Each structure stands twice: as C-alpha cells, then as structure tokens.
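Here's the structure, in structure tokens; my notes come after.
The values are calculated or read from the model by the stated rules, or taken from the named source; none is laboratory data. Keep in mind it's a predicted model, so treat the numbers as computed, not measured. Every residue, glycine among them, receives a Cβ derived from its backbone with ideal geometry; neighbour counts consider all protein chains shown.
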C-alpha cells in the first residue's frame, strides 16, 4: 500500500512528463518527501518512549536518514518510471511490473531491517550489524542504479 501512496505523490509531475526519465525524477522526489515525513514521525514517536529521550530520537533520525531515505527515493523512482512509461505509451497497465519491483525492493529492505532488529534484541551485535549493512547496501545499490540511469539518459540526450 505504501508504494501505491508514494506513487500518488509522483503523479504530481504528470503534466510536465516528457520522458520516462522524468518519471524517475518525480518518483525520487515523492519518495524523498515521504521519507522526510516518515522520519519525523518516527523521531517524535521515539521521544514518547520512556528512557529514549532526545538523544535516542536523534539516533533514530540519523539511522533512518542514512538507510530508509535511499530506499524510499529509489523504490518510488522505479514506480515513477513505470508511471511515466504508462502515461507516454497510453497503456495504464504498463506501470504494474514497476509497482511490483518497488514493492519487492521495499519488502526486502524491511526483511533485512527486521532481521537486524531481531538480532539486536537477542544481544547479537554482529548479526544486527550484518543485517543492517545488508539493508543499507540494498538501498545504496538501488539509488545508485537509479542515478546511473539518470546520468546515462542525460548523456545520451545531450549528444
């Protein structure tokens, strides 16, 4: 459901969309906005947990800003690409495979994050670190692929 909601945010760019690459940009922007809002909510929620306090809330913001921000930007960029493809081709169903990829990206990230949390609660810092690094690596690779696609499109368009 979350990917569909972020996709709705990406539709704000529809009137200006002239290429599939535009969809990547509008999707990434919607994902970044969603991530900022979600990080704020998590930070405020952490303040309400007894014993966490402001410093713990800042840790939550730092960890989420480094990890989930990349994930939200890249998964919504994939969704935005699919939206642009469907708008430009006139085939509304063209977005569906991209939606599935965005959901799979997010689900995989959530799996790694859950494994990290479970390992941390079992006093397994090595397991928590490995799972957290897997989640962050997935997010960084995903945003790097989106960025590479944008750079490749830009350089081929300028020739």
Does residue 73 meet the test of being under 20 Å from the mean Cα position of the chain (by Cα) and either closer than 21 Å to residue 14 by Cα or free of Cβ contacts under 8 Å to residues at least 60 places away in the same chain (or both)? yes
Kindly indicate whether residue 83 is assigned to a helix (DSSP H, G or I) and loosely packed, with under 13 Cβ neighbours inside 10 Å. no
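Residue by residue, here is whether (1) buried (at least 23 other Cβ atoms within 10 Å of the Cβ); (2) within 12 Å of the chain's Cα centre (by Cα) holds:
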| site | (1), (2) |
| --- | --- |
| 8 | no, no |
| 18 | no, no |
| 23 | yes, no |
| 34 | no, yes |
Of all the residues that make up region 107-131, how many are assigned to a helix (DSSP H, G or I) and either out of contact with any helix residue (DSSP H, G or I) (no Cβ under 9 Å at 6 or more places or on another chain) or surrounded by 20 or more Cβ atoms within 10 Å (Cβ to Cβ) (or both)? 6
Scanning for something within 26 Å of residue 100 (Cβ to Cβ), at pLDDT below 90 and either in contact with a strand residue (DSSP E or B) (Cβ under 6 Å, 6 or more places away or on another chain) or assigned to a helix (DSSP H, G or I) (or both), does region 52-67 turn up at least one residue? yes
Which of the residues spanning region 51-68 are touching a residue at least 40 places away in the same chain (Cβ under 8 Å) and within 21 Å of residue 1 (Cα to Cα)? 67, 68
Counting only residues that are assigned to a helix (DSSP H, G or I) and touching a residue at least 40 places away in the same chain (Cβ under 8 Å), how many does region 10-22 have? 7
Does any residue of region 23-41 turn out to be in contact with a helix residue (DSSP H, G or I) (Cβ under 9 Å, 6 or more places away or on another chain) and in a loop (DSSP other than H, G, I, E, B)? no
